[in-house]
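Structure first, commentary second.
The values are calculated or read from the model by the stated rules, or taken from the named source; none is laboratory data. These numbers come from a predicted model, not from an experiment. Virtual Cβ from ideal backbone geometry, glycine too; neighbours counted across all protein chains shown. With ligands, DNA and RNA removed, areas are computed over all heavy atoms of the protein, side chains included. Shrake-Rupley method; radii C 1.70, N 1.55, O 1.52, S 1.80 Å.
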Amino acid sequence: MRIVDIRVIVTSPGRNYVTVKVVTDGGITGVGDATLNGRELAVAAYLTEHVIPALIGRDPARIEDTWQYLYRGAYWRRGPVTMCAIAAIDTALWDIKGKVAGLPVYQLLGGRCRDGVTVYGHANAETVDGVVAEVARHVELGYRAVRVQTGVPGLAKTYGVSSGDRPYEPADAAVPTESVFSARRYLDHVPSVFRRIRAEFGPDLMLLHDVHHRLTPIEAARLGKSLEPYDLTWMEDPVPAELPAGYRLIRQHTTTPIAVGEVFNSIWDAQQLITEQLIDYIRATVVHAGGITHLRRIFDLANLYDVRSGSHGASDLSPVCLAAALHIDLSIPNFGLQEHMGHPEPAEAVFPHTYRLDGGYLHPSEEPGLGVDIDEELAARYPYRPASLPVSRLEDGTLHNW
Ligand code: EZ4
Ligand code: CO
(Lines give C-alpha, C1' and ligand atoms only; values in the text may rest on other atoms or scores of the structure.)
(Ligands and ions follow the chains in the order given, each with its own letter.)
Protein backbone atom coordinates (compact mmCIF):
# COMPACT_ATOMS: atom_id res chain seq x y z
CA MET A 1 0.00 0.00 0.00
CA ARG A 2 1.24 3.51 -0.86
CA ILE A 3 0.25 7.04 -0.01
CA VAL A 4 -0.67 8.69 -3.32
CA ASP A 5 -2.06 12.05 -2.17
CA ILE A 6 -2.48 14.13 0.97
CA ARG A 7 -4.92 17.03 0.92
CA VAL A 8 -4.96 19.90 3.42
CA ILE A 9 -8.50 21.23 3.79
CA VAL A 10 -8.97 24.63 5.42
CA THR A 11 -12.59 25.44 6.20
CA SER A 12 -14.63 27.66 8.51
CA PRO A 13 -18.02 26.10 9.30
CA GLY A 14 -18.69 28.34 12.31
CA ARG A 15 -14.97 28.53 13.13
CA ASN A 16 -11.69 27.63 11.40
CA TYR A 17 -10.49 24.05 11.06
CA VAL A 18 -7.52 22.51 9.24
CA THR A 19 -7.92 18.86 8.25
CA VAL A 20 -5.62 16.43 6.51
CA LYS A 21 -6.89 13.69 4.23
CA VAL A 22 -4.41 10.95 3.34
CA VAL A 23 -5.30 9.02 0.16
CA THR A 24 -3.86 5.56 -0.58
CA ASP A 25 -3.48 3.72 -3.89
CA GLY A 26 -6.19 1.24 -2.90
CA GLY A 27 -8.63 4.15 -2.40
CA ILE A 28 -8.76 3.92 1.41
CA THR A 29 -8.49 7.37 3.00
CA GLY A 30 -7.79 8.61 6.51
CA VAL A 31 -8.41 11.96 8.23
CA GLY A 32 -6.51 13.90 10.88
CA ASP A 33 -7.12 17.23 12.67
CA ALA A 34 -4.38 19.86 12.19
CA THR A 35 -6.17 22.87 13.71
CA LEU A 36 -4.07 25.33 15.73
CA ASN A 37 -6.47 28.05 16.86
CA GLY A 38 -5.41 31.44 15.50
CA ARG A 39 -2.35 29.99 13.71
CA GLU A 40 -4.15 27.73 11.22
CA LEU A 41 -2.30 28.71 8.06
CA ALA A 42 1.12 28.18 9.64
CA VAL A 43 0.29 24.49 10.10
CA ALA A 44 -1.27 24.26 6.62
CA ALA A 45 1.94 25.70 5.10
CA TYR A 46 4.18 23.41 7.19
CA LEU A 47 2.20 20.42 5.92
CA THR A 48 2.02 21.52 2.30
CA GLU A 49 5.58 22.76 1.94
CA HIS A 50 7.57 20.45 4.21
CA VAL A 51 5.68 17.32 5.22
CA ILE A 52 3.48 16.13 2.37
CA PRO A 53 6.13 16.06 -0.40
CA ALA A 54 8.24 13.68 1.74
CA LEU A 55 5.35 11.28 2.42
CA ILE A 56 4.05 10.58 -1.08
CA GLY A 57 4.89 7.00 -2.04
CA ARG A 58 5.43 5.82 1.56
CA ASP A 59 3.67 2.83 3.15
CA PRO A 60 0.75 4.13 5.30
CA ALA A 61 0.98 1.04 7.52
CA ARG A 62 4.27 2.31 9.00
CA ILE A 63 2.72 4.60 11.61
CA GLU A 64 5.53 4.58 14.17
CA ASP A 65 8.27 4.92 11.57
CA THR A 66 6.42 7.85 9.94
CA TRP A 67 6.08 9.52 13.35
CA GLN A 68 9.81 9.12 13.99
CA TYR A 69 10.59 10.33 10.46
CA LEU A 70 8.59 13.54 10.99
CA TYR A 71 9.81 14.16 14.57
CA ARG A 72 13.38 12.87 14.81
CA GLY A 73 13.97 13.28 11.10
CA ALA A 74 13.29 17.02 11.23
CA TYR A 75 16.23 18.79 12.84
CA TRP A 76 13.88 21.55 14.18
CA ARG A 77 11.76 19.54 16.58
CA ARG A 78 8.66 20.15 18.67
CA GLY A 79 6.59 23.33 18.92
CA PRO A 80 2.87 23.64 18.27
CA VAL A 81 3.04 24.07 14.48
CA THR A 82 5.24 21.04 13.86
CA MET A 83 3.46 18.82 16.35
CA CYS A 84 -0.02 19.63 14.98
CA ALA A 85 1.18 18.65 11.52
CA ILE A 86 2.65 15.38 12.81
CA ALA A 87 -0.55 14.74 14.79
CA ALA A 88 -2.73 15.13 11.72
CA ILE A 89 -0.69 12.68 9.64
CA ASP A 90 -0.45 10.20 12.53
CA THR A 91 -4.21 10.33 13.19
CA ALA A 92 -4.98 9.77 9.52
CA LEU A 93 -2.67 6.73 9.41
CA TRP A 94 -4.46 5.18 12.42
CA ASP A 95 -7.76 5.81 10.63
CA ILE A 96 -6.41 3.99 7.57
CA LYS A 97 -5.06 1.10 9.66
CA GLY A 98 -8.46 0.66 11.31
CA LYS A 99 -10.20 0.61 7.94
CA VAL A 100 -7.71 -1.93 6.58
CA ALA A 101 -8.17 -4.13 9.67
CA GLY A 102 -11.95 -3.65 9.71
CA LEU A 103 -11.77 -2.52 13.35
CA PRO A 104 -12.53 0.68 15.27
CA VAL A 105 -9.26 2.28 16.35
CA TYR A 106 -9.88 1.61 20.06
CA GLN A 107 -9.65 -2.12 19.28
CA LEU A 108 -6.21 -1.59 17.74
CA LEU A 109 -5.17 0.23 20.94
CA GLY A 110 -5.97 -2.74 23.17
CA GLY A 111 -9.75 -2.65 23.35
CA ARG A 112 -12.28 -1.32 25.78
CA CYS A 113 -11.26 -0.46 29.37
CA ARG A 114 -14.66 1.01 30.34
CA ASP A 115 -18.28 1.23 29.19
CA GLY A 116 -18.21 4.85 28.09
CA VAL A 117 -16.17 8.04 28.23
CA THR A 118 -17.25 10.38 31.05
CA VAL A 119 -17.33 13.93 29.75
CA TYR A 120 -17.62 17.35 31.29
CA GLY A 121 -19.66 20.14 29.78
CA HIS A 122 -19.28 23.92 29.95
CA ALA A 123 -21.56 26.02 32.14
CA ASN A 124 -20.78 29.70 31.87
CA ALA A 125 -22.58 32.98 32.42
CA GLU A 126 -21.79 36.53 33.40
CA THR A 127 -23.68 36.24 36.71
CA VAL A 128 -23.84 33.59 39.44
CA ASP A 129 -27.63 33.20 38.96
CA GLY A 130 -26.98 32.73 35.25
CA VAL A 131 -24.39 30.03 35.81
CA VAL A 132 -26.64 28.20 38.29
CA ALA A 133 -29.21 27.95 35.47
CA GLU A 134 -26.53 26.72 33.07
CA VAL A 135 -25.32 24.03 35.48
CA ALA A 136 -28.95 22.95 35.97
CA ARG A 137 -29.35 22.66 32.20
CA HIS A 138 -26.29 20.39 31.99
CA VAL A 139 -27.48 18.22 34.87
CA GLU A 140 -30.81 17.91 33.05
CA LEU A 141 -28.94 16.73 29.94
CA GLY A 142 -27.25 14.02 32.00
CA TYR A 143 -23.77 15.49 32.46
CA ARG A 144 -22.01 14.14 35.53
CA ALA A 145 -19.27 16.79 35.43
CA VAL A 146 -19.46 20.49 34.65
CA ARG A 147 -16.86 23.21 34.21
CA VAL A 148 -18.04 26.48 35.80
CA GLN A 149 -16.86 29.93 34.65
CA THR A 150 -18.47 33.30 35.47
CA GLY A 151 -17.83 36.97 35.03
CA VAL A 152 -15.87 38.78 37.75
CA PRO A 153 -17.32 41.99 39.27
CA GLY A 154 -15.25 44.96 38.12
CA LEU A 155 -13.88 43.22 35.02
CA ALA A 156 -15.55 43.85 31.65
CA LYS A 157 -14.77 40.46 30.10
CA THR A 158 -13.66 37.17 31.63
CA TYR A 159 -12.12 34.08 30.05
CA GLY A 160 -14.64 31.32 29.38
CA VAL A 161 -17.79 33.48 29.48
CA SER A 162 -19.91 33.82 26.32
CA SER A 163 -21.02 37.13 24.88
CA GLY A 164 -24.80 37.14 24.38
CA ASP A 165 -26.39 33.74 23.82
CA ARG A 166 -23.77 32.44 21.38
CA PRO A 167 -21.53 29.54 22.51
CA TYR A 168 -18.21 30.71 23.95
CA GLU A 169 -15.64 31.42 21.24
CA PRO A 170 -12.42 33.20 22.22
CA ALA A 171 -11.03 33.68 18.67
CA ASP A 172 -13.34 36.63 18.13
CA ALA A 173 -11.54 38.98 15.69
CA ALA A 174 -8.94 38.98 12.92
CA VAL A 175 -6.58 41.03 15.10
CA PRO A 176 -6.44 40.10 18.83
CA THR A 177 -8.97 41.88 21.04
CA GLU A 178 -7.81 42.89 24.53
CA SER A 179 -9.30 42.22 27.95
CA VAL A 180 -8.28 43.21 31.48
CA PHE A 181 -7.51 40.78 34.32
CA SER A 182 -7.10 41.41 38.05
CA ALA A 183 -5.97 38.57 40.30
CA ARG A 184 -7.33 40.40 43.37
CA ARG A 185 -10.85 40.74 41.95
CA TYR A 186 -10.77 37.18 40.59
CA LEU A 187 -9.54 35.55 43.82
CA ASP A 188 -12.10 37.50 45.78
CA HIS A 189 -15.01 36.28 43.63
CA VAL A 190 -14.43 32.66 42.52
CA PRO A 191 -14.86 30.89 45.91
CA SER A 192 -18.30 32.48 46.36
CA VAL A 193 -19.38 31.07 42.99
CA PHE A 194 -18.47 27.52 44.00
CA ARG A 195 -19.99 27.90 47.47
CA ARG A 196 -23.31 28.65 45.75
CA ILE A 197 -23.01 25.90 43.10
CA ARG A 198 -22.10 23.21 45.64
CA ALA A 199 -24.97 24.30 47.91
CA GLU A 200 -27.45 24.20 45.00
CA PHE A 201 -26.39 20.89 43.44
CA GLY A 202 -25.16 18.74 46.33
CA PRO A 203 -22.10 16.53 46.62
CA ASP A 204 -22.42 14.22 43.58
CA LEU A 205 -21.84 16.55 40.66
CA MET A 206 -18.20 16.87 39.60
CA LEU A 207 -17.21 20.55 39.38
CA LEU A 208 -14.23 21.95 37.48
CA HIS A 209 -12.75 25.38 36.94
CA ASP A 210 -10.23 26.77 34.41
CA VAL A 211 -7.87 29.48 35.70
CA HIS A 212 -6.32 29.73 32.21
CA HIS A 213 -2.73 30.47 33.26
CA ARG A 214 -3.50 33.76 34.98
CA LEU A 215 -2.15 33.39 38.53
CA THR A 216 1.23 33.24 40.24
CA PRO A 217 2.04 30.08 42.23
CA ILE A 218 1.22 31.63 45.61
CA GLU A 219 -2.05 33.08 44.29
CA ALA A 220 -2.94 29.68 42.85
CA ALA A 221 -2.15 28.05 46.18
CA ARG A 222 -4.56 30.47 47.84
CA LEU A 223 -7.29 29.76 45.28
CA GLY A 224 -6.87 26.00 45.64
CA LYS A 225 -7.07 26.30 49.40
CA SER A 226 -10.16 28.49 49.33
CA LEU A 227 -11.91 26.04 46.97
CA GLU A 228 -11.23 22.95 49.13
CA PRO A 229 -14.62 23.07 50.92
CA TYR A 230 -16.38 22.81 47.53
CA ASP A 231 -14.55 19.64 46.47
CA LEU A 232 -13.50 20.49 42.92
CA THR A 233 -12.56 17.65 40.59
CA TRP A 234 -9.88 19.93 39.24
CA MET A 235 -8.45 23.42 39.08
CA GLU A 236 -7.06 23.83 35.55
CA ASP A 237 -3.90 25.62 34.43
CA PRO A 238 -3.50 27.73 37.57
CA VAL A 239 -0.10 29.01 36.40
CA PRO A 240 1.80 28.74 33.12
CA ALA A 241 3.79 25.51 33.01
CA GLU A 242 7.08 26.78 31.59
CA LEU A 243 8.33 26.55 35.17
CA PRO A 244 7.08 23.20 36.51
CA ALA A 245 8.63 23.96 39.91
CA GLY A 246 5.87 26.52 40.46
CA TYR A 247 3.52 23.57 40.90
CA ARG A 248 5.59 22.29 43.82
CA LEU A 249 4.65 25.40 45.73
CA ILE A 250 0.94 25.05 44.89
CA ARG A 251 1.05 21.39 45.96
CA GLN A 252 2.53 22.26 49.35
CA HIS A 253 -0.55 24.32 50.17
CA THR A 254 -3.63 22.67 48.71
CA THR A 255 -5.36 19.34 48.10
CA THR A 256 -7.48 20.75 45.26
CA PRO A 257 -6.54 18.49 42.30
CA ILE A 258 -4.71 20.10 39.40
CA ALA A 259 -5.11 19.59 35.63
CA VAL A 260 -2.51 20.93 33.19
CA GLY A 261 -1.35 20.42 29.63
CA GLU A 262 -3.75 21.64 26.94
CA VAL A 263 -0.92 23.66 25.39
CA PHE A 264 1.65 20.87 25.69
CA ASN A 265 3.13 19.53 22.46
CA SER A 266 5.22 16.63 23.65
CA ILE A 267 6.00 14.24 26.46
CA TRP A 268 8.92 16.48 27.36
CA ASP A 269 6.56 19.33 28.31
CA ALA A 270 4.77 16.99 30.73
CA GLN A 271 7.63 14.85 32.01
CA GLN A 272 8.55 16.73 35.20
CA LEU A 273 4.97 17.51 36.20
CA ILE A 274 4.10 13.82 35.85
CA THR A 275 7.16 12.16 37.36
CA GLU A 276 7.18 14.50 40.38
CA GLN A 277 3.41 13.95 40.78
CA LEU A 278 2.80 17.69 40.67
CA ILE A 279 -0.49 17.28 38.78
CA ASP A 280 -3.47 14.92 38.92
CA TYR A 281 -4.74 15.15 35.32
CA ILE A 282 -2.79 15.61 32.09
CA ARG A 283 -4.80 17.56 29.51
CA ALA A 284 -2.75 16.89 26.39
CA THR A 285 -4.79 15.82 23.39
CA VAL A 286 -4.43 14.27 19.96
CA VAL A 287 -4.12 17.36 17.76
CA HIS A 288 -1.68 19.38 19.86
CA ALA A 289 0.46 16.55 21.25
CA GLY A 290 1.64 14.59 18.24
CA GLY A 291 -1.33 12.39 17.42
CA ILE A 292 -2.57 9.07 18.75
CA THR A 293 0.93 7.55 18.81
CA HIS A 294 2.47 10.23 21.00
CA LEU A 295 -0.54 10.91 23.23
CA ARG A 296 -0.62 7.22 24.15
CA ARG A 297 3.01 7.54 25.18
CA ILE A 298 2.21 10.54 27.42
CA PHE A 299 -0.72 8.72 29.04
CA ASP A 300 1.40 5.61 29.61
CA LEU A 301 4.01 7.70 31.43
CA ALA A 302 1.22 9.35 33.45
CA ASN A 303 -0.16 5.94 34.37
CA LEU A 304 3.11 5.01 36.09
CA TYR A 305 2.69 8.03 38.39
CA ASP A 306 -1.05 7.82 39.13
CA VAL A 307 -1.82 10.78 36.88
CA ARG A 308 -5.03 10.43 34.88
CA SER A 309 -6.01 11.78 31.47
CA GLY A 310 -8.23 14.82 31.08
CA SER A 311 -8.02 15.62 27.40
CA HIS A 312 -8.76 19.08 26.10
CA GLY A 313 -11.89 19.18 23.95
CA ALA A 314 -12.77 22.81 23.24
CA SER A 315 -14.63 23.66 20.01
CA ASP A 316 -11.38 24.53 18.21
CA LEU A 317 -10.39 20.85 18.40
CA SER A 318 -12.34 19.46 15.44
CA PRO A 319 -14.75 16.50 15.45
CA VAL A 320 -11.86 14.54 13.91
CA CYS A 321 -9.76 15.21 17.02
CA LEU A 322 -12.65 14.37 19.34
CA ALA A 323 -13.33 11.11 17.48
CA ALA A 324 -9.66 10.13 17.84
CA ALA A 325 -9.54 11.19 21.52
CA LEU A 326 -12.51 8.93 22.32
CA HIS A 327 -10.74 5.85 20.97
CA ILE A 328 -7.81 6.60 23.31
CA ASP A 329 -10.10 7.49 26.25
CA LEU A 330 -11.88 4.16 25.98
CA SER A 331 -8.73 2.08 25.77
CA ILE A 332 -6.31 3.48 28.37
CA PRO A 333 -6.26 2.26 31.98
CA ASN A 334 -5.80 5.76 33.48
CA PHE A 335 -8.63 7.70 31.85
CA GLY A 336 -9.94 10.57 34.00
CA LEU A 337 -12.34 12.85 32.13
CA GLN A 338 -12.85 14.12 28.58
CA GLU A 339 -13.80 17.72 27.88
CA HIS A 340 -16.88 18.05 25.67
CA MET A 341 -17.79 21.48 24.42
CA GLY A 342 -19.51 20.50 21.17
CA HIS A 343 -18.99 22.18 17.79
CA PRO A 344 -20.80 24.86 15.77
CA GLU A 345 -23.78 23.33 13.94
CA PRO A 346 -22.31 23.67 10.43
CA ALA A 347 -19.16 21.87 11.64
CA GLU A 348 -21.22 18.89 12.79
CA ALA A 349 -22.34 18.55 9.14
CA VAL A 350 -18.94 19.20 7.54
CA PHE A 351 -17.47 16.40 9.69
CA PRO A 352 -19.92 13.46 9.50
CA HIS A 353 -19.29 11.26 12.53
CA THR A 354 -20.75 8.33 14.41
CA TYR A 355 -19.52 8.97 17.95
CA ARG A 356 -22.49 9.66 20.17
CA LEU A 357 -23.36 11.37 23.44
CA ASP A 358 -25.58 9.39 25.78
CA GLY A 359 -26.28 11.14 29.05
CA GLY A 360 -22.93 12.11 30.51
CA TYR A 361 -20.97 9.65 28.38
CA LEU A 362 -19.50 9.82 24.90
CA HIS A 363 -19.08 6.61 22.93
CA PRO A 364 -16.60 6.29 20.08
CA SER A 365 -17.68 5.00 16.71
CA GLU A 366 -17.91 1.23 16.17
CA GLU A 367 -17.06 1.68 12.47
CA PRO A 368 -13.66 0.61 11.14
CA GLY A 369 -11.12 3.41 11.68
CA LEU A 370 -12.02 6.59 13.56
CA GLY A 371 -15.62 6.79 12.36
CA VAL A 372 -15.35 10.41 11.21
CA ASP A 373 -14.83 12.06 7.81
CA ILE A 374 -14.81 15.44 6.13
CA ASP A 375 -17.36 16.37 3.46
CA GLU A 376 -15.01 18.29 1.19
CA GLU A 377 -17.74 19.78 -1.01
CA LEU A 378 -19.59 21.14 1.98
CA ALA A 379 -16.31 22.32 3.55
CA ALA A 380 -15.56 24.36 0.41
CA ARG A 381 -18.69 26.43 1.07
CA TYR A 382 -17.14 27.80 4.28
CA PRO A 383 -14.01 29.75 3.35
CA TYR A 384 -11.29 30.52 5.93
CA ARG A 385 -11.79 33.67 7.99
CA PRO A 386 -8.81 35.07 9.92
CA ALA A 387 -9.51 34.84 13.68
CA SER A 388 -7.06 35.38 16.54
CA LEU A 389 -7.11 34.53 20.22
CA PRO A 390 -7.28 37.63 22.47
CA VAL A 391 -4.56 39.12 24.64
CA SER A 392 -4.91 40.01 28.30
CA ARG A 393 -3.58 42.98 30.29
CA LEU A 394 -3.53 43.92 33.95
CA GLU A 395 -5.43 46.99 35.11
CA ASP A 396 -2.31 49.18 34.76
CA GLY A 397 -1.83 48.05 31.13
CA THR A 398 0.88 45.42 31.70
CA LEU A 399 0.61 42.56 29.25
CA HIS A 400 -0.46 39.35 31.02
CA ASN A 401 -1.17 35.73 30.11
CA TRP A 402 -4.45 35.31 28.26
O1 EZ4 B 1 -8.55 28.54 25.55
O2 EZ4 B 1 -9.12 25.94 23.19
O3 EZ4 B 1 -10.02 24.40 28.61
N4 EZ4 B 1 -10.18 24.95 27.59
C5 EZ4 B 1 -9.51 26.05 27.18
C6 EZ4 B 1 -9.86 26.55 25.80
C7 EZ4 B 1 -8.67 27.22 25.12
C8 EZ4 B 1 -8.89 27.24 23.63
C9 EZ4 B 1 -7.68 27.84 22.92
O10 EZ4 B 1 -7.74 27.66 21.56
O11 EZ4 B 1 -8.72 26.57 27.92
O12 EZ4 B 1 -10.95 27.43 25.88
CO1 CO C 1 -8.24 25.25 29.58
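Once the other residues with Cβ under 10 Å from the Cβ of E236 are scored (Lys, Arg +1; Asp, Glu -1), what is the net sum? Let's see the in-between values first.
On the way: positive: R147, R283; negative: D210, D237, E262, E339.
Result for the neighbourhood of E236: -2.
Just to confirm, what accessible area per residue do you get for the chain at 1.4 Å probe, in whole Å²?
On the way: 16240 Å² over 402 residues.
About 40 Å² of surface per residue is accessible.
Suppose a student asked you for the relative contact order of segment 277-402, using Cα pairs under 8 Å spaced at least 6 residues apart; what percent would you report? Intermediate values should be presented prior to the final figure.
Numbers: 169 pairs, mean separation 23.9, N = 126.
Dividing the mean separation by the residue count of segment 277-402 yields 19 percent.
List every residue whose amide H lies under 5 Å from the amide H of S179, counting only residues 5 or more places away in sequence or on a different chain, with H placed 1.01 Å from N in the peptide plane.
V391, S392, R393
What translational diffusion coefficient, in µm²/s and rounded to a whole number, does the Stokes-Einstein relation yield for segment 1-47 at 20 °C and a viscosity of 1.002 mPa s, taking the hydrodynamic radius as the Kirkwood radius over Cα pairs?
Details: Rh = 11.3 Å.
Rounded, D is 190 µm²/s.
Given labels modelled 7 Å from the Cα in the Cβ direction, how far is it in nm from R356 to A380?
A separation of 3.2 nm, rounded to one decimal place.
So how far apart, in nm, are the two label points at E242 and N401 if each is 7 Å from Cα heading toward Cβ?
1.0 nm
Of the heavy-atom accessible surface of segment 8-73 (probe 1.4 angstrom), what whole percent is carbon and sulfur? Before the final figure, lay out each step's value.
Numbers: 1240 of 2380 Å².
Result for segment 8-73: 52 percent of the exposed heavy-atom area is carbon or sulfur.
Quick one: Debye curve from the alpha-carbon atoms of segment 88-179 only, equal weights, vacuum; give me log10 I(q)/I(0) at q = 0.18, 0.22, 0.25 Å⁻¹ to two decimals.
These q points yield log10 I(q)/I(0) values of -0.86, -1.01, -1.19.
Using only the alpha carbon atoms of segment 108-366, find the Kirkwood hydrodynamic radius as the inverse mean reciprocal pair distance, in angstroms to one decimal.
Values: mean 1/r = 0.0535 Å⁻¹.
One decimal place: 18.7 Å for the Kirkwood radius.
Could you work out which residue, out of H343, H189, H209, moves most in a Gaussian network model of the chain, that is, has the largest mean-square fluctuation with Cα springs under 10 Å?
So, out of H343, H189, H209, the one fluctuating most is H189.
Which far-off residues, 5 or more places away or on another chain, put their amide H under 5 Å from the one on I258, with H placed in the peptide plane?
Long-range HN contacts for I258: M235, D280, Y281.
Ratio of alpha-carbon Rg to the 2.2 N^0.38 Å globular estimate for segment 174-298, to two decimals, please. Don't skip to the answer; put the middle values down first.
Numbers: Rg = 15.4 Å, N = 125, 2.2 N^0.38 = 13.8 Å.
Expressed relative to 2.2 N^0.38 Å, the Cα Rg reads 1.12.
So if each residue of separation counts as 0.36 nm, and I subtract the Cα-Cα distance between H253 and C113, what length gain in nm does that give? Walk me through the numbers before you get to the answer.
Values: separation 140, 0.36 × 140 = 50.40 nm, distance 3.41 nm.
Computed gain between H253 and C113 is 47.0 nm.
What percent antiparallel are the DSSP beta bridges of the chain, to the nearest 5? Don't skip to the end; give the middle numbers.
Numbers: 22 of 50 bridges.
Here the share of antiparallel DSSP bridges comes out near 45 percent.
If you take the Cα Rg of segment 3-104 and divide it by 2.2 N^0.38 Å, with N the number of residues, what do you get?
Details: Rg = 13.0 Å, N = 102, 2.2 N^0.38 = 12.8 Å.
Relative to the 2.2 N^0.38 Å estimate, segment 3-104 comes out at 1.02.
Round to a whole angstrom and tell me the spacing of the C-alpha centers of segment 73-119 and segment 152-231.
32 Å
Determine the order of L41, L243, L249 by accessible area, beginning with the largest, at a probe radius of 1.4 Å. Can you show the working numbers first?
Numbers: L41 85, L243 120, L249 60 Å².
Putting L41, L243, L249 in descending order of accessible area: L243, L41, L249.
5 Å is the cut-off here: which amide hydrogens, built 1.01 Å from N in the peptide plane, fall below it relative to F335, excluding neighbours closer than 5 in sequence?
Result for F335 returns S309.
For A61 and K225, what is the calculated FRET efficiency with R₀ set at 56 Å and r taken between the beta-carbons, to the nearest 0.05?
0.60
Where does the charge balance sit around V23 when Lys and Arg score +1, Asp and Glu -1, over other residues with C-beta under 13 Å from its C-beta?
My count for the surroundings of V23 gives 0.
In whole percent, and with a 1.4 Å probe on the protein chains, what portion of the accessible area of segment 100-218 is carbon and sulfur?
Numbers: 2910 of 5530 Å².
Solvent-exposed carbon and sulfur of segment 100-218 make up 53 percent of the total.
Residue by residue through segment 12-19, which ³J(HN,Hα) values in whole Hz follow from phi under the Karplus form 6.51 cos²θ - 1.76 cosθ + 1.60 (θ = phi - 60°), with glycine and proline marked x?
10, x, x, 6, 7, 9, 10, 10
Keeping the other protein chains in place, figure out the carbon and sulfur percent of the accessible area of segment 292-372, with a 1.4 Å probe. Kindly include the intermediate steps, with their values, before the conclusion.
On the way: 1170 of 2460 Å².
With neighbouring chains kept in place, the figure for segment 292-372 is 48 percent.
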